[in-house]
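Notes follow the structure.
The values are calculated or read from the model by the stated rules, or taken from the named source; none is laboratory data. Treat the numbers as computed from the prediction; the structure is a model and nothing was measured. Heads up, the Cβs are rebuilt from the backbone with ideal geometry, glycines too, and the neighbour counts pull from every protein chain shown.
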Amino acid sequence: MICLIGLGRMGGHICSNLVRAGYQVRAYDVDPGRRVTAWAGGARFADSAESAAAGADVLITVLPGPEEVSDVVGDAVLQALASNATWIDMSSNTPTDAEPLRRRATTHGVSVLDAPMGGSPTDAAAARLRLFVGGEGDVLARHQPLLSAVATRVTHVGGHGAGYTAKLLVNLLWFGQAVATAEALLLAQRAGIDVDVLAKTLASSPASSAFIRDDLPSLLAGDYLASFGLDHILDQLAAVTALAERLGTPHSLADAVRRVHEDALEEYGPVDGELLAVALLEERAGTLLRSAPQPGE
């Protein structure tokens, strides 16, 4: 039996894919309205996290951030799990915040994997997520079939906490690329270069990146990717700079990316939009990077 906590944009799809793969799933979400999501996916819905966890062999958490994970994963939930259970945290968490919970889980005999996700809700629906896994290799091997039911790429990046760190660094580089690309395109536009022409040029140049190839077209279509909260984005960027500060590595560029997102949060509030920092840069430049509509559109 799998206990899945968190039936939001990603968790609902993960729940459905696990059931489709033949697993029995008992789900819970703080929003009781999401019981419909569980039922639609073929899972049972519990009235509390503790009852969802009762006797489960695997606990999977798919939550927005460290605060939500800490609110849910307490002694009552950990004690309710079956003997020798495993907790797999797919949430947007940090190694610092998760470590006390991992130690607590260990005292209850629960093995732990951190497995934060890469991908969109569309990827989650298609079971093609990317998982960055931290923890013991034998525990990962034991649960490889389960993880493969929701992801096409499962990468063991190291020990406990390494998965969270790897995902934070991926996010830092993606958001940094978004800011840098937006600044370059705004400058190009002001200099009289057609944005679409430059975007295609960048995609086939040494400056290309996954952001430019895969995500820039959405931005140029006016889509700011409303799939994750700006407040949670800032939390993750702040976690990166705090980690760099603690470990004594340079982080001036990371600080700059964080500050832009701080300004965006102050401007727009805690709303969804992974590219709202770009919207802020557009506002400051007094122009938009959207492609001109084609005839007939």
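If you go through segment 2-52 and keep only what is at positive phi and touching a residue at least 24 places away in the same chain (Cβ under 8 Å), you end up with Gly6, Gly42.
May I ask you to list the residues in segment 35-65 that are buried (at least 18 other Cβ atoms within 10 Å of the Cβ), farther than 21 Å from Ser111 by Cα and either among the small types (Gly, Ala, Ser) or at pLDDT below 95 (or both)? Arg35, Thr37, Ala38, Gly41, Ala43, Ala46, Pro64, listed by residue number. The residue list Thr86, Thr94 contains one member that is in the same structural domain as Gly134 (by TED's automatic domain parsing), surrounded by 20 or more Cβ atoms within 10 Å (Cβ to Cβ), modelled with pLDDT under 95 and within 24 Å of Gly8 (Cβ to Cβ), which is Thr94. Selection of helices (runs of 4 or more DSSP H) fully inside segment 46-95 by the criterion of at least 2 residues being over 22 Å from the mean Cα position of the chain (by Cα) returns 49-53, 75-80. I'd like the residue in segment 159-169 that is among the small types (Gly, Ala, Ser) and assigned to a helix (DSSP H, G or I) and, out of all such residues, is farthest from the chain's Cα centre (by Cα). Result: Ala162. Considering (1) charged (D, E, K, R); (2) surrounded by 13 or more Cβ atoms within 10 Å (Cβ to Cβ); (3) over 19 Å from the mean Cα position of the chain (by Cα); (4) not in a loop (DSSP other than H, G, I, E, B), the lone condition that Arg290 does not fulfil carries the number (4).
The combined condition, being surrounded by fewer than 21 Cβ atoms within 10 Å (Cβ to Cβ), part of a loop (DSSP other than H, G, I, E, B), in contact with a helix residue (DSSP H, G or I) (Cβ under 8 Å, 6 or more places away or on another chain) and not aliphatic (A, V, I, L, M), is not fulfilled by His156. Looking only at residues in segment 127-141 that are within 18 Å of Leu4 (Cβ to Cβ) and either at pLDDT below 95 or not β-branched (Val, Ile, Thr) (or both), the one that is surrounded by the fewest Cβ atoms within 10 Å (Cβ to Cβ) is Ala127. Inspection of segment 219-230 finds no residue satisfying the criterion of being over 19 Å from Val271 (Cβ atoms) and free of Cβ contacts under 8 Å to residues at least 12 places away in the same chain. Scanning segment 244-273 for residues that are in contact (Cβ under 8 Å) with a residue 12 or more places away in the chain and on the phi > 0 side of the Ramachandran plot returns Gly269, Gly273. Among the residues of segment 212-235, the one identified as at positive phi and either surrounded by 15 or more Cβ atoms within 10 Å (Cβ to Cβ) or among the hydrophobic types (A, V, I, L, M, F, W, C) (or both) is Leu225. When each of Leu173, Leu202, Leu185, Leu216 is tested for being out of contact with any Asp or Glu (no Cβ under 6 Å at 6 or more places or on another chain), in a helix (DSSP H, G or I), in contact (Cβ under 8 Å) with a residue 60 or more places away in the chain and of a type outside the set (S, T, N, Q), the lone residue that passes is Leu185. Looking across segment 15-30 at every residue that is touching a Ser or Thr at 6+ places or on another chain (Cβ under 9 Å) and in a loop (DSSP other than H, G, I, E, B), the one that is farthest from Leu234 (Cα to Cα) is identified as Ala21.
Considering only residues of segment 105-151 that are among the hydrophobic types (A, V, I, L, M, F, W, C) and in a helix (DSSP H, G or I), which is farthest from Val58 (Cα to Cα)? Ranking the qualifying residues of segment 105-151, first place goes to Ala125. Within segment 236-272, being under 24 Å from Glu283 (Cα atoms), charged (D, E, K, R) and surrounded by fewer than 20 Cβ atoms within 10 Å (Cβ to Cβ) holds for Asp255, Arg259, Glu262, Asp263, Glu266, Glu267, Asp272.
Quick grid of which residues meet (1) of a type in the set (Ser, Thr, Tyr); (2) out of contact with any Phe, Trp or Tyr (no Cβ under 8 Å at 6 or more places or on another chain):
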site: Pro32; (1), (2): no, yes
site: Val36; (1), (2): no, yes
site: Gly41; (1), (2): no, yes
site: Asp57; (1), (2): no, yes
site: Thr61; (1), (2): yes, no
site: Ala82; (1), (2): no, yes
site: Thr86; (1), (2): yes, yes
